[in-house]
Amino acid sequence: MHTKFGKNLQYLRKKRGLTQSELGFILNVGQQTIAKWENNKRHPDIFMVFTIAKHFKVEPTHLVMHLMIE
């Protein structure tokens with residue numbers, strides 16, 4: 001998976017005012033999992049990418065391939 005995913009996830013999470021723990025609760029994963037995704041140490045499976053994209057109302061391809069930081 002492209003390294004832009006972690007930066008985009010962190011950007012979207014902070015833009016919504018969520019902590020890693022809060023987003024983890026929403027996605028039914030732990031805070032450490034969110035931290036690893038944001039730091040590109042691990043990546044979610046394709047189903048979770050679609051779940052994350054749906055939650056933040058973005059296209060999955062934008063989440064993975066395009067840098068979203070303003």
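Determine the gain in length on full extension of the stretch residue 62-residue 14; use 0.36 nm per residue of separation and subtract their C-alpha separation, reporting nm with one decimal.
Gain on extension, residue 62 to residue 14, equals 15.6 nm.
Can you give the Rg and Dmax of region 4-65 based on its C-alpha atoms, in angstrom?
Gyration radius and largest Cα-Cα distance of region 4-65: 10.1, 25 Å.
What is the chain's relative contact order, in percent, from Cα pairs under 8 angstrom and six or more apart in sequence?
Relative CO of the chain lands at 45 percent.
For the pair residue 50/residue 69, report the inter-label distance in nm, with labels modelled 7 Å from Cα in the Cβ direction.
Output for this residue pair reads 3.0 nm.
Only the coordinates and a few stated rules stand behind these numbers; no lab work does. Quick caveat, the model's predicted, so the values are computed rather than measured. Here Cβ is always computed from backbone atoms with ideal geometry, including for glycine, and neighbour counts include all displayed protein chains.
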